[in-house]
1. Would it be correct to say that R245 is crowded, with 21+ Cβ neighbours inside 10 Å, under 19 Å from R285 (Cβ atoms), basic (K, R) and touching a helix residue (DSSP H, G or I) at 6+ places or on another chain (Cβ under 9 Å)?
2. Scan the stretch 343-367 for residues that are closer than 17 Å to G328 by Cβ, surrounded by 15 or more Cβ atoms within 10 Å (Cβ to Cβ) and in contact with a Gly (Cβ under 9 Å, 6 or more places away or on another chain) and jot them down.
3. Please work out which one of (1) on the phi < 0 side of the Ramachandran plot; (2) modelled with pLDDT under 85 is the condition R314 fails and give its number.
4. Yes or no: G179 at positive phi and in the same structural domain as I272 (by TED's automatic domain parsing)?
5. Can you name the residue in the stretch 64-84 that is in contact with a strand residue (DSSP E or B) (Cβ under 6 Å, 6 or more places away or on another chain) and in a strand (DSSP E or B) and, of all such residues, is farthest from A172 (Cα to Cα)?
6. So, in the stretch 96-118, how many residues would count as being over 19 Å from L205 (Cβ atoms), among the aromatic types (F, W, Y) and surrounded by 19 or more Cβ atoms within 10 Å (Cβ to Cβ)?
7. If a residue must be surrounded by 14 or more Cβ atoms within 10 Å (Cβ to Cβ) and at pLDDT 95 or above, how many such residues does the stretch 67-91 contain?
8. Residues that are touching a His at 6+ places or on another chain (Cβ under 7 Å), at least 2 per element: which strands (runs of 3 or more DSSP E) completely within the stretch 281-364 meet that?
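The values are calculated or read from the model by the stated rules, or taken from the named source; none is laboratory data. Quantities reported herein were computed from a predicted structural model and do not represent experimental measurements. When we count neighbours, we look across all protein chains shown, and the Cβ atoms used for this are built from the backbone with ideal geometry, even at glycine.
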Amino acid sequence: MGERQQILRHFLLIPFRSTDMMDKADPAQKLYNKMRLWEFPDQYVVEPTDGSSASFLAISRLDGSMSHIDEIPQCNSLRVPKIQTIYGVVGMLKLLAGSYLLMITERECVGSYMGYPIFKVTSLKVFPCDHALKGSPEEQKKMESEFSRLLNVAERTPGLYFSYDVNITLSAQRLHVLGDESKLLPLWRQADPRFLWNNYMMEVLIDNKLDPYLLPVMQGSFNTFQAAIGKDILDVSLIARRCTRRTGTRMWRRGADSDGFVANFVESEQIIQLNGYTASFVQVRGSIPLLWDQIVDLTYKPKFEIVRPDEAPRVAERHFLDLRKKYGNVLAVDLVNTQGGEGRLCEKFGHAVEPIASDDLRYLHFDFHKICGHVHFERLSILYDQIEDFLIKSR
């Protein structure tokens with residue numbers, strides 16, 4: 001079933017021109033990269049420890065309201081705070097009768113992007129600001145208890161990455177073409193909202209104008225390694241950015257919505273750096289952009305259901321218009337089988353793309369399982385031969 005998950009998606013290969021060394025984004029106001037959290041009975045106090053701020057951030061444990069204070073509250077035998085180091089404020093979730101802070105309590109440096117360190121979140125903690133619950137009706141308390149259990153799931157969210165210095169929600173090409181004014185904006189304002197995992201959670205901090213605390217977080221993967229070609233050493237980075245639109249688990253979330261946004265959308269980027277030059281290649285994937293569902297049951301292959309098939313051309317057109325606007329020329333490679341439910345999806349997809357196909361939008365079906373099976377990956381050369389001219393033309 002793991003392989004099935006992959007081939008039910010279509011892949012879009014979008015080549016980016018090689019560029020010379022990327023201009024580095026240098027926001028005017030730096031993010032706090034290490035802080036001390038004081039947990040008092042009535043409030044949390046966040047203290048930047050890099051010496052760049054003369055004030056501290058206080059968050060009420062009653063209702064989550066925020067304010068700046070000039071000094072740490074006094075401690076005594078009745079007011080002994082718990083103190084720990086944190087590495088970022090991810091944001092705040094406001095629920096019916098309380099607010100919940102999410103903070104990074106552990107991190108791991110996993111490489112660099114455009115010369116700046118990239119960190120992986122290894123521990124994310126939720127801090128409740130829910131003392132107001134004490135006066136809430138029992139039914140509301142019960143509902144909040146259910147929400148709190150869901151927040152425990154948020155603490156275990158895998159694949160969260162961030163940087164204090166560069167916006168990893170943007171591809172190398174997008175970073176390169178940022179205007180001078182945009183480069184001076186806070187990182188959260190430069191971010192691509194599609195890949196900003198904590199977009200909603202940052203709203204309270206944005207309203208309170210807390211730019212130095214606003215840390216953009218991306219969900220996906222990030223890997224770097226070096227390779228040698230002769231005497232030359234290449235720095236290779238592989239980044240996958242998961243889209244926050246139409247999110248959901250496999251099988252429970254399929255296809256597109258009426259605006260053309262698809263489930264399981266991921267932007268993958270391969271970056272190669274050598275002797276001061278940078279080359280970037282971007283590829284995106286997502287669920288087939290039609291209105292369809294997969295009915296989850298106990299069978300090995302749950303059935304597909306195509307919803308409102310008459311709307312397929314309009315939905316596909318919106319999907320590809322958005323891709324062309326963001327990426328330029330698009331080559332859509334459909335890897336699904338031609339038999340059974342997948343075959344019906346394949347046929348509908350091909351028919352939906354046919355009226356909008358053009359020189360800058362090409363659709364190609366490649367029956368991956370039939371041609372390559374489980375072991376004959378060398379047969380991918382057949383696919384390469386079919387798409388080579390489009391990739392060369394689109395450089």
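1. On the way: crowded, with 21+ Cβ neighbours inside 10 Å: no; under 19 Å from R285 (Cβ atoms): yes; basic (K, R): yes; touching a helix residue (DSSP H, G or I) at 6+ places or on another chain (Cβ under 9 Å): yes.
No: the conditions fail for R245.
2. Across the stretch 343-367, the qualifying residue is only Y363.
3. (2)
4. Values: at positive phi: no; in the same structural domain as I272 (by TED's automatic domain parsing): yes.
Here the answer is no, as G179 does not meet what is asked.
5. K82
6. Selection size over the stretch 96-118: 1.
7. As a first pass, look at the stretch 67-91 and keep what is surrounded by 14 or more Cβ atoms within 10 Å (Cβ to Cβ): 72-73, 81, 86-91.
Right, trim to at pLDDT 95 or above and you get 86-91.
Matching residues across the stretch 67-91 total 6.
8. Values: elements: 292-294, 304-306, 330-334.
Answer list for the stretch 281-364: 330-334.
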